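One structure below.
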């Protein structure tokens, strides 16, 4: 309704909505609720609070201000009222002073949780929890606790170092033991190799040890390499040449012209000029091992094999280079193929011609070691090539490595290995996914011409099963030293049962059965029993293998999911709390005595033992305490009556 019409009506419509007012405002007005009323109530509440606060301050100011005001006002107070006020004032002051003193005493006094002596707590008092109670330590016990924690931290650091050494030895498949004086000297020399100017006459074996340690620590460089160069050296092995430059490689033939065996691993900085220099100076070189020489081109390889040194080679091992071409292999076969006893061709991506591979049987006649692994293409290495090659060299062949040659099938096993390899002792067929259970079983069944294999690797041959692997073990169980069955997932629990019943492995030392899901604790116990010399057993990926397996103490099991590399007890403190429940049906006192004694021997310090006397077991006998050489500690405060505390006398 407009304002004009409202004025005409004379304000008769009192409750109509006017202007911006809403329906809610009109409703609140009908109920007697308005903003002015709310504001008045709020201001009245504030005034009351201010009056109460001012009156409280006047009361707390004491009777002195009141008396002053009374004096100023000139009012007369009776003597009895003054006396009553004075007594009340003195009483309040005395009560307030006593209350403050009590608070100070309560804050400063306490009993030590360790020795129960009364002392005054300070900012230096240590708070701790012990024997189920929380409290503070007296100054003397606090000092002892700080020393104990320092010693515990020191022991923890030493234990961590020991665990690292144990882990390193375990990963290297070695036993952590006290090193000999000779090994200590070699380690000292290796750590301080930068300060060594001459190794002297320490023997070839020790020279190789130091060289391997330096290679492992990545410490072999131009200067340290020169320590191993001597004119009397016949074999040189450098397993990490990544820090040796091209000029340093020329020192090897200059200082060691009579070398017969040269091993250069990770030699990515070896130049073609170095290889040319080797072809001129190494007049007695017979075996050459080069891994990662990718700077040497095709022409340099051909020139080296055409040199007098290349023609006299009896063993050539070439790995990891893409610049070794088919022409390089033809030059190798033409110049030294008839003399070769060892040949390794691994990961040579430049060899892409199958026709060149097919030339191998025409040149090689008396191989003892043959490795053709991880060719560039699957079809480069087939059954026909291997059958022809083994037919020529099988009589003398002792080691055959065909890892990654996925084009091979059962045919080369049945028609190549079985009839032509009577002297074979090492067979590696890693990642051959086309060989089957039938073919491998046929190979090892009635293979009488072969006396037994010493090293076998069938890792990731996923088509194999119980019958083929059992035939292998039945044939070579008396001669096997190393066996790799990693990732043969078709093996069952019945396979391990058959082994435990019928086979024995007197020479087996290393076994890898990782990712064989059927392997469990019973299989580990069986292998520990049937292979008395087994020292390293790898079980990575087998979640059924647990520490509960009963195995020999000298058998190292690597890869269990629940393994922890702990040295001694996990708690490295000087005082270890051990709670033993003496239940008659559980164990005898003699067993408990032996257990506690082992704990004390492991701790090499004091041991606190808390015995929980449960139900009707009774008290700890004196004989038991005499066996453990225990003396009762002073009873603690708030200790439960059914618990006794004793201290081991070390």
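A few comments on the model shown:
- Centroid-to-centroid separation of the range 338-391 and the range 459-503 [C-alpha atoms, Å]: 29
- With a Förster radius of 30 Å applied to the C-beta separation of residue 283 and residue 164, the computed FRET efficiency comes to 0.05.
- The alpha carbon centroids of the range 112-144 and the range 398-412 are separated by 73 Å.
- Ellipsoid semi-axes in whole angstrom, largest first, where each is sqrt(5λ) of the Cα gyration tensor of the range 215-258: 18, 12, 8
- Packing-based exposure ordering (other Cβ within 10 Å, fewest first) of 188, 259: 188, 259
- Ordering of 459-465, 129-135, 38-44, 490-496 by burial proxy (mean other Cβ atoms within 10 Å per residue, highest first): 459-465, 490-496, 129-135, 38-44
- Extending 7 Å from Cα along the Cβ direction at residue 474 and again at residue 124 yields two label points whose distance is 8.0 nm.
- Take every Cα pair under 8 Å whose residues are at least 6 apart in sequence, average their separation, divide by the length of the range 351-450, and the relative contact order is 27 percent.
- Distance between the 7 Å Cα→Cβ label points at residue 378 and residue 467: 2.5 nm.
- Just so you know, the Cα atoms of the range 354-444 work out to an Rg and Dmax of 12.0, 33 Å.
- Residue 226 paired with residue 254, simple spin-label distance in nm, labels 7 Å along Cα-to-beta-carbon: 0.9
- Comparing the range 301-343 with the 2.2 N^0.38 Å rule of thumb, its C-alpha radius of gyration ratio is 1.05 (two decimals).
- Relative intensity, log₁₀ I(q)/I(0), of the range 123-227 from a Debye sum that treats every alpha carbon as a point, q = 0.23 Å⁻¹: -1.25
Read-outs throughout are calculated quantities, based only on the coordinates presented, and are distinct from any laboratory measurement. Here the structure is a predicted model, which means the values were calculated and not measured. Note: ideal-geometry Cβ built from the backbone for every residue, glycine included; neighbour counts use all protein chains shown.
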